[in-house]
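Please read the structure below before turning to the comments.
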Amino acid sequence: MNKGLSILCAAFLSNLTLVAQQENDSTTIQMLDEVVVSDSRFALKRENSGKTVITISAEELSRFQGRNIAEVITTKSGLELTGARSREGAVFGVFARGGRGRQVLIFIDGVRVSDPSSFSQEYDLRLLSAANVESVEIIKGAASTLYGTNAATAVINIKTKDAGASKIGLTLQSMAGTNQNADDQNFNLSRSSNSGLLSGTLNRITYKVGFSNRFAEGLSDIVTVENEKDGFSHFSADAQLGYSIADKFKVAVYANQTRLRTDFDESFGLSDAPYRFTSEQERLGLSASFDYGKGQFHANGAYAKYSSESVSAFPSTFDGSNYNIDLYNKYIFNDRFYSIVGLHYLEDKAELETVQNFRMTDPYVNAVFVSEFGLNLNFGARLNNHSEYGSKFVYNFNPSFTLKSGDDYFKLLASYATSYITPSLTQLFGSFGANPDLEPEDNRTIEGGLEYASNSGFRANVLYFNRKEENFVFYDLVENGYKNAENSIDAQGVEFEIQYKPTTNVELYANYTFTERKGDNAIRIPKHKVNATLGYHFTERSFASLGYNLTGNRLDTDFSSFPSNDVSLGSFQLVNLFASHAFIPDVLKVFLNVDNLLNEKYTEVLGFTTRGRNLSIGFQLNLQ
């Protein structure tokens, strides 16, 4: 690391801490009750939730302006998104609690998103535009009871921005910056992003129309002497129209189209190549809600189509589509007992050698009990009915107990939950080694933890998890086909988080994750990971923060040798700087990002390029 810059960062942190101590002598901070939704689908106070749900608010997202959504999520405990710190266009592998991407489920506005033409039915996070995201809630652990297949290690619940309350409003955002590695600090402008959102409310009608694009070049996909330029581009358009038929009956329709293109190189042998991957997503959906006294009925449905093409030494095309319909009724018996009864229908379709599909119809039920003496219970069950393998039953039981002292609370929580992962269409019906007799993967997760929060602006929690994977699908090289494994994979770990706001000016967030996986080679999963952010409000208009990330040692596979073998990747530390200033409050704000401030050289994926020190500057303009 650059010694001078290290001293500068240390001095900056020390000064912020000193200011915090000085101001805390005369200032008392009241921590507002945080509300979580995803773990029960009811808006509950955090103290009554039996999970340590991670909430990424609109305010926090505003401090990541100029970055993609993967860079935000990977700063949270228990989550590692491989590729988030590589060049734009890198593949995002989502590893949660020592699991794989197929075990993480992504929801957008209440609807499951996944690409049925992909090998493991994952959703490509590169398709998501951060400019359209209002907030994110992350549930870690098994959550198939409420959310269905693939919700084994985490559910990432993304909410897009609502229409504005005025008749017409326009939000514009633009950013330009560098895109360079640690060895070539040329500071050429080679990365940009732009977005716009027009929205408003006209009596009973709400509307919004938006677009976003990202562009980057200047970095090679793989580490080479020539450092040839592999480009990336992304364009997304969104539209939504809502109507309040009555005060208690609302309906909305929405549409999205996203296109991306990324150049890439030959990963076998790690050599430059003129390869290109293109992908297009089209989504059309409808949501409706009806309030009736103590109850509320919801209907969410969407049709999505995915088309992609890989131009490489082994060219291929992928086409798939799916229907998702989720109907559920929420009923509040009183201020102590809440219930949900629902029915989820899913149909996945993909063009393989022929057009193949499967269907699932899942009834589910979940209930929450909040007692007067501190005991909280969250429990439920789901019956998965699959057109190929039959039925699968999963359930969850999540008790917690809260001790209150004034506005402070201390919470003990525990959870036992099961989940399932259906085989993909490729594994069931694909061209290579397909096996239509595959069974779903079983996951079991046990959790136990503590949380303390006070109205002085301090919150801390620690949680232990133990997870077992059984019956998982793997490719048998001896028999050249997919099979269900007879052995199991075990993962365990500890997650610790702390949030502290000693004054109105200073805020601190930090987390630590220990993860241990046994049963396979556990590639790209760090055993130790630390994230920390220290922010300071100089005035009501000016804000700055320093972010720190430590990613510990982990394994990766070296495909340049035959047979391939696993190698150890060294740990690395990154420091990021963010600053913003509102020239006109709520109207015009400018922001500055300095990523990898100390220009650290590191490896995220063996043989592939990572970013060095990079600068970006941008603005956001709100017109009402």
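A short reminder: the numbers here are calculations on the coordinates, not readings from a lab. Fair warning: this is a prediction, and the values are worked out from it, not measured in the lab. Note that each Cβ is placed from the backbone with ideal geometry, even for glycine, and that neighbours are counted across all protein chains shown.
Below is a table of values for the structure above.
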read-out	value
Options Asn150, Asn188: the member that is surrounded by 22 or more Cβ atoms within 10 Å (Cβ to Cβ) and either over 22 Å from the mean Cα position of the chain (by Cα) or not aromatic (Phe, Trp, Tyr) (or both)	Asn150
Test result for Asn324, assigned to a strand (DSSP E or B), crowded, with 20+ Cβ neighbours inside 10 Å and either without any contact (Cβ under 8 Å) to a residue 12 or more places away in the chain or among the polar types (S, T, N, Q) (or both)	yes
Residues within the range 347-368 that are among the polar types (S, T, N, Q) and either farther than 23 Å from Arg41 by Cα or surrounded by fewer than 14 Cβ atoms within 10 Å (Cβ to Cβ) (or both), tallied	3
Asp520 vs. criteria surrounded by fewer than 16 Cβ atoms within 10 Å (Cβ to Cβ), more than 21 Å from the chain's Cα centre (by Cα) and at positive phi	no
Qualifying residue in the range 393-413 (condition: assigned to a strand (DSSP E or B), within 27 Å of the chain's Cα centre (by Cα) and either farther than 30 Å from Glu495 by Cβ or among the small types (Gly, Ala, Ser) (or both))	yes
Filter result for the condition that a residue is crowded, with 17+ Cβ neighbours inside 10 Å and free of Cβ contacts under 8 Å to residues at least 60 places away in the same chain, over Asp291, Asp265, Asp272	Asp265
Gly448 vs. criteria part of a strand (DSSP E or B), surrounded by fewer than 17 Cβ atoms within 10 Å (Cβ to Cβ) and not hydrophobic (A, V, I, L, M, F, W, C)	yes
Residues of the range 268-307 classified as hydroxyl-bearing (Ser, Thr, Tyr), farther than 27 Å from Leu128 by Cβ and in contact with a strand residue (DSSP E or B) (Cβ under 8 Å, 6 or more places away or on another chain), total	1
Selection status of Phe318, crowded, with 19+ Cβ neighbours inside 10 Å, touching a residue at least 40 places away in the same chain (Cβ under 8 Å), closer than 30 Å to Gly607 by Cβ and aromatic (Phe, Trp, Tyr)	yes
Hits in the range 95-149 - residues which are among the aromatic types (Phe, Trp, Tyr) and part of a helix (DSSP H, G or I)	Tyr147
Within the range 369-384, considering residues that are aliphatic (A, V, I, L, M) and more than 15 Å from Ser400 (Cβ to Cβ), the one surrounded by the most Cβ atoms within 10 Å (Cβ to Cβ)	Ala381
Sole residue being more than 28 Å from Gln296 (Cα to Cα) and β-branched (Val, Ile, Thr), chosen from Thr361, Thr422	Thr422
Leu574 surrounded by 13 or more Cβ atoms within 10 Å (Cβ to Cβ), free of Cβ contacts under 8 Å to residues at least 60 places away in the same chain and in a strand (DSSP E or B)	no
Members of the range 169-209 that are more than 30 Å from Asn614 (Cα to Cα) and in contact (Cβ under 8 Å) with a residue 40 or more places away in the chain	Gly169, Arg204, Thr206, Tyr207, Lys208
Any hit, the range 531-546, residues being within 24 Å of the chain's Cα centre (by Cα), in a strand (DSSP E or B) and surrounded by fewer than 17 Cβ atoms within 10 Å (Cβ to Cβ)	no
Lys159 of a type outside the set (A, V, I, L, M), crowded, with 17+ Cβ neighbours inside 10 Å and in contact with an Asp or Glu (Cβ under 6 Å, 6 or more places away or on another chain)	yes
Filtered residue count, the range 239-260, keeping only those that are in a strand (DSSP E or B) and either without any contact (Cβ under 8 Å) to a residue 60 or more places away in the chain or acidic (Asp, Glu) (or both)	15
Subset of the range 74-92 [touching a residue at least 60 places away in the same chain (Cβ under 8 Å), within 11 Å of the chain's Cα centre (by Cα) and outside any loop (DSSP other than H, G, I, E, B)]	Leu79, Glu80
Long-range neighbours under 7 Å by Cβ, at least six apart or interchain, first residue of a type in the set (A, V, I, L, M) within the range 364-385, second outside any strand (DSSP E or B)	Val368/Ser40; Val368/Phe42; Val370/Asn48; Val370/Arg336; Ala381/Thr145
